[in-house]
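Input: a single structure, listed below in structure tokens.
The values are calculated or read from the model by the stated rules, or taken from the named source; none is laboratory data. Here the structure is a predicted model, which means the values were calculated and not measured. Ideal geometry is used to build each Cβ from the backbone, glycine not excepted, and the neighbour counts take in all protein chains shown.
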Amino acid sequence: MDEVVKAANLTVNLGGKTVLEDITFLAISGEMTGVIGPNGAGKTTLLRAVLGLVSVQRGSLTVFGKREIKEIRPRIGYMPQRHFFDRRFLLSAADVVATGLLSPRTLLRRIPKKNQQVKDALRLVGMENFFHQPFQNLSGGEQQRVLLARALARRPELLLLDEPNTGLDFPAQRSFVELLRKLKDKEDIAIILVSHYLVSIAPAADKLLCINRTMHVHGYPAEVLRSPHLDEAYRCQFDFLTTGSGTERWWH
Amino acid sequence: MSEILAYGFMQRALLAALLVGTLCSIISFFVILKRLSFLGAGISHTALGGIAIGLVTGLDPVLTGSIFAVGTAMSTGHVSRLGKISEDTVIGIFYASGMALGIALISSFKGYYPELFSLLFGNILAVSIRDLQVLAVVLGVVMVFVILFFKELLAICFDEEMAVAGGLPVGPLYMGLLAAIGLTIMVSIQLVGVVLVAALLVIPGATAYRLSTNYRSMLLYALIIGLTGSFGGLFVSYYFPVPPGAAIVLIMAVIFTLVVSFKYNLEKRL
């Protein structure tokens, strides 16, 4: 189990405002870390910091042991939030996945073995039969899988997913998270998944990190879900709900 | 047909239609995919300021207008990224300011500017060999840029955030695209004028988008529509008393209306 992301007292300012303060956590290979918190908690900023797209004001952040993240970016797969792009864009599923292979190294060059890499990525998410399908004709769940394949196209060792469940119904959310679980086991990659759908990611995550600008709690899902810091972060009361498979918590 | 081709000015006009039709169709593809339609309208009107500077100072108005158009396009991108101001707002401000500068300069300096009318409303029939050379050079530069960076430009149009995360030089490539739009507008203004040039940057791509299921066919359809409009408009203006610039835009607008109506009826039946 290798250390992939290590943050110690990480503080990020954006536009003169502190967006993240004193965040400490560790993500290791073969583990899925769920980052939870209410809207505006700084979850996306945390992912952007790991990607090296925002600078760290205080504390330290290392990815694969390096502070200079730009050079190790090809080892990171990223799936941004849905609203960043047009879902009716005129690309096939394969074209979408191929955009994940682009990097400074592919400028002015053909991408070697592009089709094979695209096919492999689509196969990983069970979408190999959709290679030529127009992206806009796919269902929400299928589109998410294709976008996941795009993030996996370069065979990353770290996968960052920003609200991948948004807009999906509950069964689709469960199936997507299940797919992630299989992937991390099979590919031995570290996954950091940002979501505010606590119920769908808690059973699948190995660790949960609950933030609301500052860190409220980090640990195993069972500990985090029982922690009073969760109520503090969300500023609401959580109730226990006992189900056949154990105890889950819901807010009201 | 042979009668039209017998005239030197018509031969030059047809060649200009071919070059502008191709250039605008390619740029239109990116304008639609990156949702920059308002930018096209904004830059073309802003260029009036640059044209006026050329007219009152005795410099080549096409050159000053080009510098102004490219400068405005790139400044729009730069200011909107720096200052957290939306592109639409920046274009709206530049659009009005450029027009105001043009009107103020032309009104303040008394004189007769015969080129002004053709730059405002275009005159493809008056295109010279030098104009064709400039057009060919601009088409060449834009084509080289697009061919070299096509996959990156497409990725930026689809998902800019992902392109940034992948380490692509999004800023320089986007600025390059804006500069290409500015140059295209300026060389097209000579043919269809400030008022109508935005249509050439929007209609081919917008019509092609409605007809296509993938970007390859969209690019092909945009080219077909751009060239059909350019040649069609020229022929219509030869036989009927309609200015060529207006005829080109009207033919493209008719094609767009037919495509939208056809698609709407088809979708309603399914």
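Is it the case, given these coordinates, that A:Asp95 is at the interface with another protein chain (Cβ under 8 Å from one of its Cβ atoms), under 24 Å from the mean Cα position of the chain (by Cα), in a helix (DSSP H, G or I) and free of Cβ contacts under 8 Å to residues at least 60 places away in the same chain?
So A:Asp95 fits the description; yes.
Only one of these is buried (at least 17 other Cβ atoms within 10 Å of the Cβ), at positive phi and either modelled with pLDDT under 90 or more than 14 Å from every other protein chain (Cβ to nearest Cβ) (or both): B:Gly102, B:Gly122. Name it.
B:Gly122
Mind checking which residues of segment B:132-163 are in contact (Cβ under 8 Å) with a residue 12 or more places away in the chain and more than 14 Å from chain A (Cβ to nearest Cβ)?
B:Leu132, B:Val134, B:Leu135, B:Ala136, B:Val138, B:Leu139, B:Val141, B:Val142, B:Met143
Can A:Lys43 be described as more than 13 Å from A:Ile192 (Cβ to Cβ) and basic (Lys, Arg)? Before you say what the answer is, go through the steps one by one.
Numbers: more than 13 Å from A:Ile192 (Cβ to Cβ): no; basic (Lys, Arg): yes.
No: the conditions fail for A:Lys43.
Here is a check on your reading of the model: is A:Gly52 farther than 15 Å from A:His216 by Cα and touching a helix residue (DSSP H, G or I) at 6+ places or on another chain (Cβ under 6 Å)?
In short, yes.
Okay, residues lined up against (1) within 13 Å of the chain's Cα centre (by Cα); (2) more than 14 Å from every other protein chain (Cβ to nearest Cβ):
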site	(1), (2)
B:Val195	yes, yes
B:Pro204	yes, yes
B:Leu220	no, no
B:Val236	no, yes
B:Val249	yes, yes
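Condition first: more than 12 Å from chain B (Cβ to nearest Cβ) and either assigned to a helix (DSSP H, G or I) or in contact with a strand residue (DSSP E or B) (Cβ under 7 Å, 6 or more places away or on another chain) (or both). Now tell me which residues in segment A:98-127 satisfy that.
A:Asn115, A:Gln116, A:Gln117, A:Val118, A:Lys119, A:Asp120, A:Ala121, A:Leu122, A:Arg123, A:Leu124
Quick one: how many residues across segment A:141-167 are surrounded by fewer than 16 Cβ atoms within 10 Å (Cβ to Cβ) and closer than 27 Å to A:Pro38 by Cα?
Number satisfying all stated conditions: 2.
List pairs: first in segment B:104-124 and free of Cβ contacts under 8 Å to residues at least 60 places away in the same chain, second outside any helix (DSSP H, G or I), Cβ under 8 Å, 6+ apart or cross-chain?
Every condition considered, the pairs that remain are B:Ile106/B:Tyr113.
Just one of A:Leu53, A:Leu26, A:Leu61, A:Leu46 is hydrophobic (A, V, I, L, M, F, W, C) and assigned to a loop (DSSP other than H, G, I, E, B); which is it? Even if it seems obvious, please write down each step before you answer.
Values: A:Leu26 fails: assigned to a loop (DSSP other than H, G, I, E, B); A:Leu61 fails: assigned to a loop (DSSP other than H, G, I, E, B); A:Leu46 fails: assigned to a loop (DSSP other than H, G, I, E, B).
Exactly one residue qualifies, and that residue is A:Leu53.
I'm trying to understand the selection: among the residues of segment A:198-237, which are surrounded by 18 or more Cβ atoms within 10 Å (Cβ to Cβ) and among the aromatic types (Phe, Trp, Tyr)?
Across segment A:198-237, the qualifying residue is only A:Tyr234.
Starting from segment A:68-80, take each residue that is at the interface with chain B (Cβ under 9 Å from one of its Cβ atoms) and crowded, with 24+ Cβ neighbours inside 10 Å and list its partners that are in a helix (DSSP H, G or I) and among the polar types (S, T, N, Q), counting only C-beta distances under 9 angstrom and pairs at least six apart or across chains.
Pairs that qualify, where the first residue is at the interface with chain B (Cβ under 9 Å from one of its Cβ atoms) and crowded, with 24+ Cβ neighbours inside 10 Å and the partner is in a helix (DSSP H, G or I) and among the polar types (S, T, N, Q), are A:Met79/A:Gln144; A:Pro80/A:Thr44.
If you check A:Phe131 against the conditions, is it surrounded by 14 or more Cβ atoms within 10 Å (Cβ to Cβ), closer than 15 Å to A:Leu148 by Cα, at pLDDT 95 or above and out of contact with any His (no Cβ under 7 Å at 6 or more places or on another chain)? Let's see the steps before the verdict.
Values: surrounded by 14 or more Cβ atoms within 10 Å (Cβ to Cβ): yes; closer than 15 Å to A:Leu148 by Cα: yes; at pLDDT 95 or above: yes; out of contact with any His (no Cβ under 7 Å at 6 or more places or on another chain): yes.
For A:Phe131, the condition - surrounded by 14 or more Cβ atoms within 10 Å (Cβ to Cβ), closer than 15 Å to A:Leu148 by Cα, at pLDDT 95 or above and out of contact with any His (no Cβ under 7 Å at 6 or more places or on another chain) - is met.
Out of the residues in segment B:164-173 that are facing chain A (nearest Cβ under 7 Å) and of a type in the set (A, V, I, L, M, F, W, C), which is surrounded by the fewest Cβ atoms within 10 Å (Cβ to Cβ)?
B:Val164
Can you name the residue in segment A:53-67 that is touching a strand residue (DSSP E or B) at 6+ places or on another chain (Cβ under 6 Å) and among the hydroxyl-bearing types (Ser, Thr, Tyr) and, of all such residues, is nearest to the other protein chains (Cβ to nearest Cβ)?
Looking at the filtered set, the residue picked out is A:Thr62.
Would you be able to tell me the number of residues in segment A:128-153 that are part of a helix (DSSP H, G or I) and either facing chain B (nearest Cβ under 10 Å) or on the phi > 0 side of the Ramachandran plot (or both)?
Matching residues across segment A:128-153 total 6.
Any residue at all in segment B:42-59 that is without any contact (Cβ under 8 Å) to a residue 12 or more places away in the chain, among the small types (Gly, Ala, Ser) and either surrounded by fewer than 19 Cβ atoms within 10 Å (Cβ to Cβ) or not in a helix (DSSP H, G or I) (or both)? Steps first, answer last, please.
Taking segment B:42-59 first, the residues without any contact (Cβ under 8 Å) to a residue 12 or more places away in the chain are B:54, B:57-59.
Okay, now just the ones that are also among the small types (Gly, Ala, Ser), so B:54, B:58.
Of the ones still in play, those that are also either surrounded by fewer than 19 Cβ atoms within 10 Å (Cβ to Cβ) or not in a helix (DSSP H, G or I) (or both) are B:58.
Yes, some residue in segment B:42-59 is without any contact (Cβ under 8 Å) to a residue 12 or more places away in the chain, among the small types (Gly, Ala, Ser) and either surrounded by fewer than 19 Cβ atoms within 10 Å (Cβ to Cβ) or not in a helix (DSSP H, G or I) (or both).
In the set B:Gly176, B:Gly167, which member is under 30 Å from A:Ile76 (Cα atoms), in contact with a Leu (Cβ under 9 Å, 6 or more places away or on another chain) and without any contact (Cβ under 8 Å) to a residue 12 or more places away in the chain?
The match here is B:Gly167.
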